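Notes to accompany the following structure.
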Amino acid sequence: MPTVNEQLADAAIGHAVDLSRYSNGAVRRIIALLNRTDADLFGQLGAALSQMTPEAFTVEWLEQVLSGVRRLNLSAYQQIERELTTELQALAAYEAQYQYQLFRTTLPPQVVNLIGVATVSAETAYAAAMARPFQGVLLREWAQRAGEARMIRIRDALRMGFVEGQTVDQMVRRLRGTRAAGFADGLIEIDRRNAAAVVRTAVQHTAATVRDRFHEENGDIIKAIEWVSTLDSRTTPECMLRDGKQYTRDHKPIGHKLPWGAGPGRFHWQCRSTSVAITKSWRELGLDMDEMDPGTRASMDGQVPAQTTYADWIKKQSAARQDEILGPARGKLLREGGLTLDRFADDRGKWISLDQLRERDAAAFRRAGV
């Protein structure tokens, strides 16, 4: 039977996967909100610009035209901030309950009854996350700055468009992009990418803050924290170096000199690393041997589990869990086609299509019957 620390390490990787998928959903919801605003914004902008000739163009006139667009843009980013705030409040509440239930169900009942598991206030954890800048920026500051930067991009592009004699359609298309490309080829695509990065970073930041608070509250059970990184071609060198490294509960290095910094999930933009608690042994907990049955003593040995990569972890999961994460086709290719996880991505860590995979290795598809 796996020890408590082995079970916690396994759960940490699985939860990190789920958290990443959750953040992808949050990104889609926020980007959809931004896209809906874009339709109104560029409709209003196009109508105003169509009344102006290049010969009569002045900076003052452009600023007047942009006043209505600026209000619409400000309203959009205020709504994004409200939506994301609601999302993160719900996430903080979920994470607090998840960590509590994980320890309650993983620790032996005798340990839970004798030592207890402390809970974390979701409201307090959320407030701590919002009070602490992620990558140097508070959430409310990002929303304001992002809206202002977007308007500067729009204004400067229109000025250049008039100077170059572009038509209204050309200027709007340059800013917004083309429908054929899903509007991903316009200048303001950078705002969608920035919003996506902020959402993913905010999700990880919030979850990490709740996790840290939980570890602090349960210091009588936890003796160390281990850094766990997702190891693939997108992993930063800083997170690669810290993978598997241990820290004290107050984040001092154990047996190495690599600083904790902002911590896993907050170390850099869109950080995917996480942390796992290492519990004390039953002896370190000060429990009497006579109070522990052999199974409990074995499960609470305090030993650090062997390092497990994401690729190792997913191979041990059930077929249903593999299909849930990878999709049914890739799940079968992993189980029956002989493909390893790294084969599903290109050299840049980007997920490739099934058609591209088939071109790479048609034999794997035949073996898997896909």
Can you list the aspartates and glutamates whose alpha carbon is less than 19 Å from that of Lys316, not counting same-chain residues fewer than 8 positions off? Glu6, Asp10, Asp18, Asp232, Glu324, Glu336, Asp342
What residues have an amide H closer than 5 Å to that of Ala224, excluding those fewer than 5 places away on the same chain, when H is modeled at 1.01 Å from N in the peptide plane? Ile278
If I take R0 = 25 Å and measure r between the Cβ atoms of Glu359 and Arg234 in this structure, what FRET efficiency does the formula 1/(1 + (r/R0)^6) give, to the nearest 0.05? 0.65
With +1 on the Cβ of every Lys and Arg and -1 on the Cβ of every Asp and Glu, the dipole magnitude of the chain about its Cα centre, in debye rounded to the nearest 20, is 740
Towards the positive end of the charge dipole of region 318-368, with charges on Cβ (+1 Lys, Arg; -1 Asp, Glu), say which of Ala329, Gln356, Ala345 has the farthest Cα. Ala329
Karplus (6.51, -1.76, 1.60) ³J(HN,Hα), θ = phi - 60°, over region 5-18, in Hz, Gly and Pro reported as x: 5, 5, 5, 5, 5, 4, 5, 4, 5, x, 5, 4, 4, 5
Run the numbers for Ser75 and Leu138: contour at 0.36 nm per residue of separation, minus the present Cα-Cα distance, in nm. 20.8 nm
For region 209-220, Karplus-derived ³J(HN,Hα) couplings (6.51, -1.76, 1.60; θ = phi - 60°; whole Hz; x for glycine and proline) come out as 5, 4, 4, 4, 4, 5, 4, 4, 5, 10, x, 6
Roughly how compact is region 318-368, stated as its Cα Rg over 2.2 N^0.38 Å to two decimals? 1.04
At R0 = 30 Å, FRET efficiency that the Cβ-Cβ distance of Glu63 and Ala131 yields, to 0.05: 0.25
Rounded to whole Hz, the Karplus (6.51, -1.76, 1.60) HN-Hα couplings of region 321-327, x for glycine and proline: 5, 4, 5, 4, 7, 9, x
Among the aspartates and glutamates, select those whose C-alpha is under 14 Å from the C-alpha of Lys252, and discard any that sit fewer than 8 residues away in the same chain. Asp212, Glu216, Glu226
Using r as the Cβ-Cβ distance of Ala90 and Asn35, and R0 as 35 Å, what FRET efficiency do you calculate, to the nearest 0.05? 0.95
Just subtract the alpha-carbon distance of Glu189 and Glu284 from 0.36 nm times their residue separation and send over the number in nm, one decimal. 28.8 nm
Let's see if you can work this out: charge +1 on each Lys and Arg Cβ, -1 on each Asp and Glu Cβ, no other charges. What is the dipole magnitude of region 4-217 about its Cα centre, in debye to the nearest 20? 300
Taking the Cα centre as origin and putting +1 on Lys and Arg beta-carbons and -1 on Asp and Glu beta-carbons, what dipole magnitude results for region 22-76, to the nearest 20 debye? 440
Write down Rg/Rh for region 6-110, rounded to two decimals, with Rg from the C-alpha atoms and Rh from the Kirkwood relation over Cα pairs. 1.32
Just to be sure I follow the definition: excluding the sites themselves, where is the longest run in the chain that has none of the chymotrypsin sites (Phe, Trp or Tyr not before Pro) in a DSSP loop with at most 16 other Cβ atoms within 10 Å? 58-268
List every residue whose amide H lies under 5 Å from the amide H of Phe183, counting only residues 5 or more places away in sequence or on a different chain, with H placed 1.01 Å from N in the peptide plane. Thr178
Set of lysines with alpha-carbon distance to Lys257 below 25 Å, sequence-local pairs under 8 removed: Lys223, Lys245, Lys280
If I take all pairs of Cα atoms in the chain, what percentage of them are more than 28 Å from each other? 57
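Only the coordinates and a few stated rules stand behind these numbers; no lab work does. The structure presented is a predicted model; accordingly, all values stated were derived computationally and were not measured. Methodologically, a virtual Cβ is constructed for each residue, glycine included, from the backbone with ideal geometry; neighbour enumeration extends over all protein chains shown.
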